[in-house]
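Colleague: Just dropping this structure here.
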Amino acid sequence: MSPHSERDSIEGLTEAIGYEFEDPALAELALSHPSYAHELDGSRGNERLEFLGDAVLDLVVSELQFRLHPDWSEGDLSRSRAALVNKDALAERARGVGLDRFVKLGRTERRSAGQRKDSVLANCLEAVIGAIYLDCGLTAVRAWVERTFNDGFAAGSTPERRDAKTRFQEWAHARLQATPGYRTTRDSGVENDEDRFTVEAIVDGEVWGVGAGRSKRVAERAAAMAAIERCEKSDA
């Protein structure tokens, strides 16, 4: 990438996210997917910034929720934070600020439309947050997160207390008088594979939903959510 196009990319990012980096090199690194960096110079791109940004985002969201909702329990706060910072939610935020237009990918990722993948976009957003933290500290991150995630911090009722597995179990008990089970049907064996595990949600031998995820727990929740969607259609 030429210096001119690099400058255009950083300027575009600045306009998209509403934050101007004092150190443009941090912005450049945050946008560099490992596939791009490996092709460029053999490095790992934004992985370390992603690691840092993940931790910083958890802290900032936790603090903001803690201050905004003094009546919420620890469980309420945990569920609310999880809803704001899970992969799907972060990917949507990334699309909302246009990161899909600026993330730099290697040839293979470009061919597979990596700029549309939730995992790529969520990781890039975390890397940007890590870069902001290194560039200007926690106060800058807090202000940016509060502005960018503002709809998620709205005051109101406590978050949904029942996760997908609990909701599906309640439905199965009420309608089928049976308890769901979960069966792992695939394990790619690849660490950090977003779809490493595939799990089926089963009731009395019948598959009600299938889900995939980085861990068995995530895959089970995805399978339960798929089952709930089927339940809702059957009840309609």
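The values are calculated or read from the model by the stated rules, or taken from the named source; none is laboratory data. The shown structure was predicted, so the numbers you read here are calculated from the model rather than taken from an experiment. Neighbour counts are summed over all protein chains in view; Cβ atoms, including those assigned to glycine, are modelled from backbone coordinates with ideal geometry. The accessibility values were calculated without ligands, DNA or RNA, using every heavy atom of the protein model including side chains. Shrake-Rupley method; radii C 1.70, N 1.55, O 1.52, S 1.80 Å.
Colleague: What number comes out for accessible area per residue over the chain if the probe is 1.4 Å? Units Å², please.
Modeller: Per-residue accessible area for the chain comes out at 55 Å².
Colleague: For K165, give me every one of the lysines with a C-alpha distance below 23 angstrom, ignoring sequence neighbours fewer than eight places off in its own chain.
Modeller: Once the sequence-local lysines are set aside, what remains near K165 is K87, K216, K233.
Colleague: About its Cα centre, how strong a charge dipole does region 51-130 have in debye, to the nearest 20, once Lys and Arg get +1 and Asp and Glu get -1 at the Cβ?
Modeller: 680 debye
Colleague: Can you tell me the order of 74-86, 214-226 when each peptide is scored by its average per-residue count of other Cβ atoms within 10 angstrom, highest first?
Modeller: 214-226, 74-86
Colleague: Using just the helices of the chain, give the 222 nm mean residue ellipticity in deg cm²/dmol: DSSP H runs with n ≥ 4 each add -39,500 (n - 2.57), and the total is spread over all residues, rounded to 500.
Modeller: -19000 deg cm²/dmol
Colleague: I'd like the carbon and sulfur percentage of the solvent accessible area for region 58-145, probe radius 1.4 Å, heavy atoms only, ligands and nucleic acids excluded.
Modeller: Carbon-and-sulfur percentage of accessible area, whole number: 50.
Colleague: I'd like the GluC sites (Glu not before Pro) in region 7-51 restricted to DSSP loop residues with at most 13 other Cβ atoms within 10 Å, sorted by number.
Modeller: Filter output for region 7-51: E22.
Colleague: Using only C-alpha atoms and all pairs of different ones, pull out the Kirkwood radius for region 7-70 in Å with one decimal.
Modeller: 13.5 Å
Colleague: Please report, for the Cα atoms of the chain, the Rg to one decimal and the Dmax as a whole number; what are they, in angstrom?
Modeller: Gyration radius and largest Cα-Cα distance of the chain: 20.1, 65 Å.
Colleague: Could you state the principal axis extents of the C-alpha atoms in region 107-236, from the largest down, to the nearest angstrom?
Modeller: On the principal axes, region 107-236 reaches 56, 44, 23 Å in Cα extent.
Colleague: Right, next: Please state the relative contact order of the chain as a whole percent: Cα pairs under 8 Å, 6+ residues apart?
Modeller: Reported as a whole number, the value is 17 percent.
Colleague: Enumerate the calculated ³J(HN,Hα) couplings along region 192-198 in order (Karplus 6.51 cos²θ - 1.76 cosθ + 1.60, θ = phi - 60°), each rounded to whole Hz, writing x wherever the residue is Gly or Pro.
Modeller: Rounded to whole hertz, the list is 6, 5, 4, 10, 4, 9, 10.
Colleague: Please compute the alpha carbon radius of gyration of region 54-112, then divide it by the globular-protein estimate 2.2 N^0.38 Å. Two decimals is fine.
Modeller: 1.49
Colleague: With no solvent and one point per C-alpha, what does the Debye sum give as log10 I(q)/I(0) for region 162-236 at q = 0.15, 0.25 Å⁻¹?
Modeller: Normalising to I(0) and taking log10 leaves -0.45, -1.04.
Colleague: How high is the relative contact order of region 1-141, in percent, counting Cα pairs under 8 Å that sit 6 or more residues apart?
Modeller: The normalised contact order for region 1-141 reaches 36 percent.
Colleague: So if I restrict to the alpha-carbon atoms in region 1-127, what is the Rg, and what is Dmax, the biggest pairwise distance, in Å?
Modeller: Final numbers for Rg and Dmax: 15.9, 53 Å.
Colleague: Here's a follow-up. Report, by chain and number, residues whose modeled amide H sits under 5 Å from the one on T185, excluding near sequence neighbours (fewer than 5 apart, same chain).
Modeller: Close amide H contacts, sequence-distant or interchain: T198, V199, E200.
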